[in-house]
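Taking it in order: structure first as structure tokens, then the write-up.
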Amino acid sequence: MKYRFLILLCSFISCTNARKENEFKKSKVIVIQPLGDFKTEQSQLVFTEIKTINLNVVLRPNISFPENSYYKPRNRYRADSIIKSIKDNIGKDSLIVGLSNHDISTTYKGVKDWGVMGLGYRPGKSCVVSDFRMSGKNRNQQFYKVVLHELGHTEGLPHCETKTCLMRDAEGGNHLDEEKEFCEKCKSFLVKKGWNLI
Ligand SMILES: [Zn+2]
Ligand SMILES: [Zn+2]
């Protein structure tokens, strides 16, 4: 009798372990990839901020900007070339965000080289964010909010109507100080995609 109880107990434990493993497999990993001479204190800060809402974050050591991304006429880097290059360096359940202190640009509304704060595929695997166009005392806070905004797009989120939501459309202005977090609707979308949101 005692023996049978032991067997039952064992099978229960292995079942729980398998379930845990599955949950782990599904959860998304956010990879932070600082580019060029991006400041270490700043990437640490982004890492810490994202870790407070999503447990699975990896901070990688700096790598050079992809060689073909430099746009000499404006002394800046092409965001489209960057996201293309970094997307292949990650595992299946990961998203990667490149961080830049230099200006980044893309072709937008017929303009060949348009400076941007961030760019990402929607949906996709990679995005890139630059702090070059941010100013003011909340620069660090603003930076990590744009990082989350671009990661949200990369995961497939569209812009959101909620004024305090991180997915709010910039519409040519800067409302970042009014944005607090992902709203409940955007949060539940991300959780379904495997984000381990707290
Ligand atoms: Zn957006
Ligand atoms: Zn929202």
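Where a number appears in this text, it was derived from the coordinates with a stated rule and is not lab data. What you are looking at is a predicted structure, and each value in this text was computed from that prediction instead of being measured. Cβ placement follows ideal geometry from the backbone for every residue including glycine, while neighbour counts extend to all protein chains displayed.
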(request) Could you check the simple spin-label distance between THR107 and GLU161, using points 7 Å along Cα→Cβ, in nm with one decimal? (result) 3.5
(message) Can you tell me the length gained on complete extension of the stretch SER27 to ASN140, counting 0.36 nm per residue apart and subtracting the Cα distance?
(response) 38.0 nm
(message) Given all pairs of different Cα atoms, what value in angstroms does the Kirkwood hydrodynamic radius of the range 115-189 take?
(response) 12.4
(request) Enumerate the amide H contacts of PHE65 below 5 Å, restricted to partners 5 or more residues apart or on another chain; note that Pro and chain-start residues carry no placed amide H. (result) GLY36
(request) Pick out which of LYS163, LYS145, LYS187 has the largest mean-square fluctuation in a Gaussian network model of the chain, springs linking Cα atoms closer than 10 Å. (result) LYS163
(request) Considering the options VAL128, GLY110, ILE53, tell which one lies farthest towards the positive end of the dipole of the chain, charges being +1 on Lys and Arg and -1 on Asp and Glu at the Cβ, about the Cα centre. (result) ILE53
(request) Give me the percent of Cα-Cα pairs in the chain that sit more than 31 Å apart, rounded to a whole number. (result) 23
(request) At a temperature of 10 °C and a viscosity of 1.306 mPa s, determine how fast the range 57-103 diffuses translationally according to Stokes-Einstein, using the Kirkwood radius over alpha-carbon pairs as Rh; express D in µm²/s, rounded to the nearest whole number. (result) 135
(message) If I model the range 82-125 as equal point scatterers sitting on the Cα atoms and use the Debye formula, what is log10 I(q)/I(0) at q = 0.22, 0.26, 0.33 Å⁻¹?
(response) -0.83, -1.02, -1.26
(request) Using Cα centres only, tell me the gap between the range 157-198 and the range 48-62 in whole Å. (result) 18
(request) Go through the range 113-121 residue by residue and turn each phi into a ³J(HN,Hα) via Karplus (6.51, -1.76, 1.60, θ = phi - 60°); whole Hz please, and just put x for glycine and proline. (result) 10, 10, x, 9, 8, x, 8, x, 6
(request) Provide the per-residue ³J(HN,Hα) series for the range 148-154, in order, calculated from phi with Karplus coefficients 6.51, -1.76, 1.60 and θ = phi - 60°, each as a whole number of Hz, with x at glycine and proline positions. (result) 5, 4, 5, 5, x, 4, 4
(request) For the chain, give the magnitude of the charge dipole about the Cα centre (Cβ charges: +1 Lys/Arg, -1 Asp/Glu; no others), in debye to the nearest 20. (result) 660
(message) Given the DSSP H assignment, sum -39500 (n - 2.57) over each helix run of at least 4 residues in the chain and divide by its residue total; what's the result at 222 nm in deg cm²/dmol, nearest 500?
(response) -12000 deg cm²/dmol
(request) Would you kindly state how much longer the chain becomes between ASN89 and ASP177 on full extension, computed as 0.36 nm times their sequence separation minus their alpha carbon distance, in nm to one decimal? (result) 28.4 nm
(request) Excluding PHE47 itself, calculate the net charge of residues whose Cβ lies under 14 Å from the Cβ of PHE47, where each Lys or Arg counts +1 and each Asp or Glu counts -1. (result) +1
